[in-house]
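What follows is calculated from the coordinates using simple rules that are stated; it is not laboratory data. The structure presented is a predicted model; accordingly, all values stated were derived computationally and were not measured. No Cβ is skipped: glycine too gets one built from the backbone with ideal geometry, and neighbour counts run over all protein chains shown.
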Amino acid sequence: MPEWTPRIEANVLLDFDGELRDIDAYEAYGGYAQLHRAQAGMDAESLIAELGGSGLRGRGGAGFPTGRKASFLAPGSERYLVVNADESEPGSCKDRELLLRTPHALLEGILIVMNVLKLTRAYIYIRGEYLTESEVLEAAIAEARARDYVGAPSGPDGYVPEITVHRGAGAYICGEETALLSSLNGFRGQPSAKPPFPAVSGAFERPTLLNNVETIATIPAIMRRGAEEYKALGTEQSGGTHVMSVSGHVLRPGNYELAMSETMGHLIVELAGGVPDGRGLKAVIPGGASSPILGPEALDLLCAPEALAAAGTMAGSAGVMVIDDATCIVQLALRTAEFYTYESCGKCTPCREGTRWITDTLRRIEDGIAAHAEIDLVLEICDNVEGKCLCPLGDACAMPVRSMIKRFRAEFEAHVDLGSCPLHDSSSLSSLYPQPRSLLPLVTASSA
Amino acid sequence: MSATDVATVTLEIDGRELTVPKGTPLVLAAAQAGVEIPIFCYEPRLGPAIGACRMCLVEIEGMPKLQAACTMAAGDGMKVHTRSAGAAEGQEAVLEFILLNHPLDCPVCDKGGECPLQDLTYRYGPGNTRFHLNKRTYEKPLAISPLIALDRERCILCYRCTRFSQDVAQDEQLIARERGANSVIATFEEQPYRGRFSGNVIELCPVGALTSTEYRFKARPWEINNIPSVCALCPTGCNTWATVREGGVQRMLSRNHPEVDEGWLCDKGRFAHAHLRAGDRYVQGLVRGPRGLEPAPAEQLAETIARRLRHHATLHGPESIAVVASGEQSNEEAHAWAELVRAAGGGALVSSGRAGAIDWDAIAPYAARIADIDGADLIVVAGERDLGDAAGVVELRVRQAVRGGARLLLAGSGGGDLDHVAGGRIAPGEIADALRAAEQPILIATEPEAVAASAATAHAAGLAAGPGGVIALPEGPNERGLHALGYRDDAATVLSRGEDGTLQMLVVLGDADPLTRFPAGERWEAALQRCESVVASSLFPTPTALWAHVILPATSALEKDGTVTNLEGRTQRLRPVVQAPAGVAPELAVLTAAGRHLGLELEASPSRAFLRVAKAAPLFSGLTWEAIGRLAPLTGARPQAGKAPAAPKATPDANGGGLRAIGRRPLFSGAAVARTERLAFQRSDEIVLARDDALRLGIAAGAAVTVRHAGGTTTGAARLSRTLAPGAVRFAWDGAPVDGPCSVAGSA
């Protein structure tokens, strides 16, 4: 599948050439050796210490240190590992790459964690749209089962790890951990208030460790190289490498694994080939659609979460979207708001009502029928949504929209002044937003 | 437990310092401090807070974001501000969002005037809206059942109703469909919301989205009177508000008595008041004359009753007179009848048609209160009648206990509504051992046979010391009160007197008629025909009334003043919410007049009559109307257990390996329900078969089935159950309980 071939910069996670879907190829490459090490008597403290020493931070978006998260898992007779493969953030497709190309790295990571922490069962909650990916995953589990890695006693204590793949039903919100667990538990996929935290009461109301695909798939690589060597690839606060998805107006979109200490410029210009067709770089969305937008100065920033946070945005789920200077930012804001309005679960008021109001108002601006005051109104709605919702989805809508208005306010004003979209002829999103009929120049038979 | 056992936290809310138990939600802590935090979705009776509406946002020092006071627990040293600029901004923002799509049709909304959204907007809302786009519109109103109308435009999606359906009643019928701004409340596949407790969602709704079809457009809140009373349609005794306008009951609302109903009502209690206005009600007294039953004024009724009582007592002795009461009577009425009969020379007093006369005194040493279910770790429900059919709201309490970790075992054939939360079935012989092993066991007996056996079981389990004990359900709503007042004679004795000609005068009180409700109804009918005097007192014509010489029109529980005693022995106050029809004199007045003919001075005034009741039995001793008040206490300690109560003879299993019909009265049955058209859809024609039996008989789920049994023939749609005992066939049966062999045929 050449279209998914990653451009490998740092060979850590994607530490191989070509496909490793097949278990023989994975084992020939040294795969499952770390599982054997774990089974030979690794205890929870040393795994947590290893993860802590590696500087590994969760790759799902929040960037919480993985070792510390594992240390919070409450004791219990039944405990679960849930792998979040509900990759839904616009701009992110890194987990998909990993699921398709190295499913055994994920399985080995899962089995290491399960064996060490003696977890009852692992559930991989995979995005419903990932049909091929779930088939690849199921095939890989069947291979691992045939090798007795899964479903058979492993180690001297007779512990039997089991892995279940659960396909989602198409809701972005189910990537949020409490909504994911609610869906997995058989209820409506809606987030719930914390506490209780999943580490205390998660899957089936038992203590549950919940991690992103990439986070878990990185564990064998860390054990292979050693925590210190892995950490040294990254920055002080964010160890190692990560896979970043680059999309938008670049020459070579795709997934790239690179060290945390690399710059966005290295990723966008050198690896992805920069903005094509002689266009200029207008903006960069660094961490999926929910992250606040940056201007061309983004190229000088490090990819590490702390560097992006310092710049007022976030690394999120590493979905980098590059926007050229022909693009209408109002359309981009509208498209972003539309997505979150469509995906709002409807449970809490500010998100349910606020995202829709933002979308409807942005559409009026794009259509050129809004008043100037409505630009500030959008900002005020964003203020009323942000920080007042049950889960981060409302914020995910408000933050990028606000950043786009703040940074590109003149463009919003131009829409109001002009009564139409000034970039409508050049913007690549224009096909989504036909201009209102009355604003199109009238072509009559006599004038022709 | 001493105070030091409870971990407490001390915090400050709006400058007021207070100490609350650890884990208390800020909303409740604030309420204790006298600070109101606005809420919509928060309702502790629905389970843990969900933090959905975000109305309760408050500012907590040291926390960067506003916090929802419902999901945030009070923390030590917390400094909370509920009216600071930051908090007010959050509250205004949420109210503005809620009102974006809410139609401002308050002038024509039934909720207007008693609407939390109106009230909170007045107090916390922005004075203006910045929203000038089109509001969301939906088709409306939608009848989600014949009882409930749904206006989706008014809905603010607080999820109280779906949480009630899914978590409290657990009927799982109300759901949220779609998502985001398009979320709507709905039922599955547009099926009507059927369930014993559906009406509670009307009261839970904080806006006018769920309204009662019977009350829609009936009245504005400022032109009604809400009168406190209690429901007397079953022995639970739920506390109610009756909304009255233009002299009629317009609706019934719950009135939270935490120890009885926790603010829930079943749909029978909520909607069956329509029977007060039924066309076939007796609106005048009747006395049989030469040309049949003829209208008679109260004085003539009184004189006829007195004359006949004296006649039979003098001529035929006390064995010739019997009063059979359904338990629908107030304590004062029942006591007046008892005194009247005694004054005439004596007679039998019967309050139950089954299992002999139940000895409630034998159960008393083991009796638990309804509220004891809350702390139970084991609940055993004995009897074939579904708990929710016998005492609706008690079922909700059991469900709540099970959600809290209690184990529920069913000592019956199963196949009822509690099956899916029960831990399984238990054989009658194993109940005592199971109860003994538990910390706080509760044994609930749902029908007379199980009630009669409960004292012996409780004794064997050592429940006299508590905690826990027996909750025994009488059949009649006020059967406990009647028993205390001397209605203790065995129906079977009276029947045999009727058959051998000894019985000459039978007084049948209430609409629960022995001809249809008691076992051997045809024998009762034969006995009636041999009686020289039959007095029937009911709201509506009953089979007994056909043979009656005197028909004393009854008043409904909503039309009389007095007291009734619930299944726990808690005596509560009825209030005359509306007036009885013009020709219907209060029974107490008629009986007092009858007493005068017998030289007996009764009290026509209910409050004075109660003074006599209070002296008549230990159950009422020390009670005054003031002590009963609006939220009646349960007075008196458990008596000491005496010698082991006698266990009733085990009835032999007449099943013989064949199919066994189990027909019991459902909740939605009886004279009141039959006259409430809106409740008709609640009647289920389900015939429950054990899955394996059905497969053997070739009956598919939903197939039409005919059951022939001792009581007659029942037809309905098959439901296959994995939890019903093999061989059992369960269905709703309004007559005397059916328990015996049957044949089952699927009709193709």
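Once you order the gyration tensor axes a ≥ b ≥ c over the Cα atoms, which shape class does the range A:170-285 get: rounded for a/c under 1.5, otherwise prolate or oblate by comparing a/b with b/c?
Working: a/c = 3.14, a/b = 1.55, b/c = 2.03.
It comes out oblate by the Cα gyration axes.
Compute, for chain A, the length of the dipole vector about the Cα centre, with Cβ point charges of +1 (Lys, Arg) and -1 (Asp, Glu) only. Units Debye, rounded to 20. List each step's numbers first, then the result.
Working: 38 positive and 58 negative charges, 175 e Å.
The dipole magnitude comes to about 840 debye.
When every Cα-Cα distance of chain B is counted in 10 angstrom steps from zero, the calculated P(r) takes the values 3, 13, 22, 24, 20, 12, 5, 2, 0, 0 percent.
Give me the net charge for the shell around residue B:579: Cβ to Cβ below 15 angstrom, other residues only, Lys and Arg +1, Asp and Glu -1. If you can, show how the numbers build up before the last one.
Values: positive: B:245, B:277, B:281, B:560, B:575; negative: B:246, B:559, B:561, B:587.
Around residue B:579, the surrounding residues sum to +1.
Direction-averaged projected area, Cα convex hull, the range B:311-405: 8.2 nm², rounded to one decimal.
The GluC sites (Glu not before Pro) of the range A:43-136 meeting both criteria, a DSSP state outside H, G, I, E and B (loop) and at most 14 other C-beta atoms within 10 angstrom of the site's C-beta, are A:78.
Among bridges DSSP assigns within the range B:472-552, what percent are antiparallel (round to 5)? Present the calculation step by step, with values, prior to reporting the outcome.
Numbers: 0 of 8 bridges.
Approximately 0 percent, going by the DSSP bridge assignments.
Centre-to-centre, using Cα atoms only, the range A:329-380 and the range B:69-85 are separated by 31 Å. Expressed to the nearest 5 percent, the antiparallel share of DSSP beta bridges inside chain B is 55 percent. Projecting each Cα onto the charge dipole of the protein assembly as shown (Lys/Arg +1, Asp/Glu -1 at the beta carbon, about the Cα centre), which of A:99, A:239, B:86 comes out farthest on the positive side? The one lying farthest along the dipole's positive direction is B:86. For chymotrypsin sites (Phe, Trp or Tyr not before Pro), the sites in the range B:151-227 that DSSP calls loop and that have at most 11 other Cβ atoms within 10 Å are B:217.
Considering only A:316, B:271, A:150, and ranking their Cα positions along the charge dipole of the protein assembly as shown that arises from unit charges at the beta-carbon of Lys, Arg, Asp and Glu, the one farthest toward the positive end is B:271.
Under the rule of -39500 (n - 2.57) per DSSP H run of 4 or more residues, summed and divided by the residues of chain A, what mean residue ellipticity at 222 nm is obtained, to the nearest 500 deg cm²/dmol? One gets -11500 deg cm²/dmol as the mean residue ellipticity at 222 nm. With unit charges on the beta carbon (Lys/Arg positive, Asp/Glu negative), name the residue among A:392, A:291, A:334 whose Cα is farthest towards the positive pole of the charge dipole of chain A. Positive-most Cα among the choices belongs to A:392.
Axis angle, to the nearest 10 degrees, between helix A:103-117 and the longest C-alpha principal axis of chain A: 60 degrees.
Using a ≥ b ≥ c from the Cα gyration tensor of the range B:202-262 (square roots of the eigenvalues), is it rounded, prolate or oblate, where a/c under 1.5 gives rounded and otherwise the larger of a/b and b/c decides, a/b for prolate?
On the way: a/c = 2.12, a/b = 1.41, b/c = 1.51.
Oblate.
Work through the residues other than residue A:60 whose Cβ is under 12 Å from its Cβ and net out their charges, Lys, Arg +1 and Asp, Glu -1. Its environment carries a net charge of -3. Helix A:349-366 and the longest principal axis of the Cα set of chain A meet at an angle near 40°.
Each residue in A:247, A:317 was given a count of other beta-carbon atoms within 10 angstrom of its own, and listing them fewest first yields A:247, A:317.
Here the range B:271-345 and the range B:490-559 have alpha carbon centers that stand 10 Å from each other.
From the Cα gyration tensor of the range B:25-96, with a ≥ b ≥ c the square roots of its eigenvalues, which class applies: rounded if a/c is under 1.5, or else prolate if a/b is larger than b/c, or else oblate? Walk me through the numbers on the way to the answer.
Details: a/c = 1.56, a/b = 1.11, b/c = 1.41.
It is oblate, given that a/c is not under 1.5 and a/b is not larger than b/c.
Each Lys and Arg Cβ is given +1 and each Asp and Glu Cβ -1; about its Cα centre, the protein assembly as shown then shows a dipole of about 3220 debye.
Relative to the compact-globule scaling 2.2 N^0.38 Å, provide the ratio for the alpha-carbon radius of gyration of the protein assembly as shown. Intermediate results must be reported in sequence, preceding the final value.
Numbers: Rg = 36.5 Å, N = 1196, 2.2 N^0.38 = 32.5 Å.
Cα-based Rg divided by the globular estimate yields 1.12.
I need the trypsin sites (Lys or Arg not before Pro) found in the range B:251-337, filtered to DSSP loop residues with at most 11 other beta carbons within 10 Å of theirs.
Numbers: sites: B:251, B:255, B:268, B:270, B:277, B:281, B:288, B:291, B:307, B:308, B:310; in loops: B:255, B:281, B:291.
Loop-located and lightly packed - B:291.
For the cross-link pairs A:94/A:194; A:347/A:406; B:111/B:218; A:118/A:231; A:118/A:194; A:347/B:111, which exceed 18 Å when the distance is taken from alpha carbon to alpha carbon? With Cα atoms farther than 18 Å apart: A:94/A:194; A:347/A:406; A:118/A:231; A:118/A:194; A:347/B:111. When each of A:204, B:610 is scored by the number of other beta-carbon atoms lying within 10 Å, the sequence from fewest to most is A:204, B:610. For the range B:131-283, the Cβ-based charge dipole about the Cα centre amounts to some 420 debye (Lys, Arg positive; Asp, Glu negative; other atoms uncharged). In plain terms, the residue of A:182, B:538 with the fewest other Cβ atoms within 10 Å comes first and the most crowded comes last, giving A:182, B:538. Against the main long axis of the alpha-carbon atoms of chain B, helix B:331-344 sits at an angle near 10°. The Cα center of the range A:90-116 and the Cα center of the range B:422-470 differ in position by 54 Å. Here the simple spin-label model places points 7 Å from the Cα toward Cβ, and for residue A:160 and residue B:191 these points are separated by 3.7 nm.
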